[in-house]
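Below is one structure, written out as structure tokens; the observations come after it.
The values are calculated or read from the model by the stated rules, or taken from the named source; none is laboratory data. If you're wondering where the values come from, they're calculated on a predicted model, not measured in any experiment. Because the Cβ atoms are built from the backbone with ideal geometry, glycine has one as well, and the counts that use them run over all protein chains shown.
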Amino acid sequence: MTSQRILLQTTIEPTADDWSIARFSLLREVLGRARAADGEPLYDIVARDRGAPPGVSDPVLATLDSSDFDQLWLFAVDVGDGLNDEERTAIDRFRQRGGGLLVARDHMDLGCSVCDLQGIGKAHHFHTHNPDPDVSRRVVDDPYTTAILWPNFHSGANGDFQKIEPVGDVHPILADPDSPGRALRYLPSHPHEGDVTAPAGDASARVIATGKSEVTGAPFAIAVAFEPQPDGMGPAVAQSTFHHFADYNWDPDHGKPSFVSEAPGGTLRVTPEAKRSTELYVANLARWLGTGAR
């Protein structure tokens, strides 16, 4: 069996005091442990930050469509300049030829350079870019970190976990392999998650899971899945925050950038069912995103 190639990629250059790819090491370890029935690795993983400054095309992202990668897990940690038009076009063509795509962002305008990606870009709503058409969701939900405005859904402290609810039929990404018909119910929490919705008029997309604010009780979408299409369009997921995959949210002892001011929790790492659910979500996500591969 040939392993699938997964690119774990941030939208910033290597920066020690930021959410660079080095802060997603536990995710890489989980994917790296996945094995086929014959014991061979399921995935060949490349983890990298941008290799060029904003405005200069990254040599990997700008040629993604002609690469041998099967999946792109894009962590949009930039402040608006993380992708340029050439890179977005290549990512669009990558998905058009069957590549699997995860796009994860965060609060307010963090990661808004993804808005112009085909299809999945419309699922991401920011403060000043593609704001949510439902004005009732354009409200401050996290009242504690006052510099951060909407969207900022407060699902709990970094290092803790939140209970999520499946929406509709249990999607393969949420399927619990040990309990057929049941869904995974826990993911890492974060004090200010972003806003994702299924784009109006796109029949391929639906919200598959929701969370709930610990402050206001407001529900919000955790993930939007875009099903692979007969024309070859690959599967995709819009995730409310990249913090569902970050080391600090799985185990705060792995450290954080200096600008993170909120007190961390730590219940996820000591709660076996929450840790299991998080790791299975990652495994399911990689498996499902690979369904459109060449």
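Observations, loosely collected:
- Considering (1) assigned to a helix (DSSP H, G or I); (2) over 28 Å from ARG5 (Cα atoms); (3) hydrophobic (A, V, I, L, M, F, W, C), the lone condition that ALA286 does not fulfil carries the number (2).
- When SER277, SER213 are screened for being modelled with pLDDT of 95 or more, out of contact with any Cys (no Cβ under 6 Å at 6 or more places or on another chain) and surrounded by fewer than 21 Cβ atoms within 10 Å (Cβ to Cβ), only SER213 passes.
- Any chance ALA263 is buried (at least 18 other Cβ atoms within 10 Å of the Cβ) and closer than 30 Å to SER20 by Cβ: no
- Here CYS115 fulfils each of the conditions (1) among the hydrophobic types (A, V, I, L, M, F, W, C); (2) in contact (Cβ under 8 Å) with a residue 40 or more places away in the chain; (3) in contact with a helix residue (DSSP H, G or I) (Cβ under 7 Å, 6 or more places away or on another chain) apart from (2).
- Among the residues of region 118-128, those identified as outside any loop (DSSP other than H, G, I, E, B) and in contact (Cβ under 8 Å) with a residue 40 or more places away in the chain are ILE120, LYS122, ALA123, HIS124, HIS125.
- Remark: ASP202 falls outside the filter, which requires a residue to be touching a residue at least 60 places away in the same chain (Cβ under 8 Å) and touching an Asp or Glu at 6+ places or on another chain (Cβ under 7 Å).
- Tally of residues being in contact (Cβ under 8 Å) with a residue 12 or more places away in the chain, in a loop (DSSP other than H, G, I, E, B) and of a type in the set (Ser, Thr, Tyr) across region 1-60: 5
- Answer from LEU74, LEU101 - the residue that is within 30 Å of ALA183 (Cα to Cα) and touching a helix residue (DSSP H, G or I) at 6+ places or on another chain (Cβ under 6 Å): LEU101
- From LEU64, LEU83, residue being modelled with pLDDT of 95 or more, assigned to a helix (DSSP H, G or I) and buried (at least 19 other Cβ atoms within 10 Å of the Cβ): LEU64
- Residue in region 216-229 that is touching a Phe, Trp or Tyr at 6+ places or on another chain (Cβ under 6 Å), touching a residue at least 40 places away in the same chain (Cβ under 8 Å) and at negative phi present: yes
- Members of region 129-172 that are surrounded by 13 or more Cβ atoms within 10 Å (Cβ to Cβ) and not in a loop (DSSP other than H, G, I, E, B): ARG137, PHE153, PHE161, GLN162, LYS163, GLU165, PRO166
- So ASP92, is it more than 28 Å from ASP253 (Cβ to Cβ) and either outside any loop (DSSP other than H, G, I, E, B) or of a type in the set (A, V, I, L, M, F, W, C) (or both): yes
- Among the candidates PRO230, PRO252, residue that is more than 20 Å from GLN9 (Cβ to Cβ), crowded, with 20+ Cβ neighbours inside 10 Å and at pLDDT 95 or above: PRO252
- Some residue of region 186-196 being on the phi < 0 side of the Ramachandran plot, of a type in the set (S, T, N, Q), touching a Gly at 6+ places or on another chain (Cβ under 7 Å) and crowded, with 23+ Cβ neighbours inside 10 Å: yes
- Cβ-Cβ distances below 6 Å connect the following pairs, each with a first residue in region 230-253 that is over 15 Å from GLY159 (Cβ atoms), a second residue that is crowded, with 24+ Cβ neighbours inside 10 Å and basic (Lys, Arg), and a separation of six or more residues or different chains: GLY234/ARG95.
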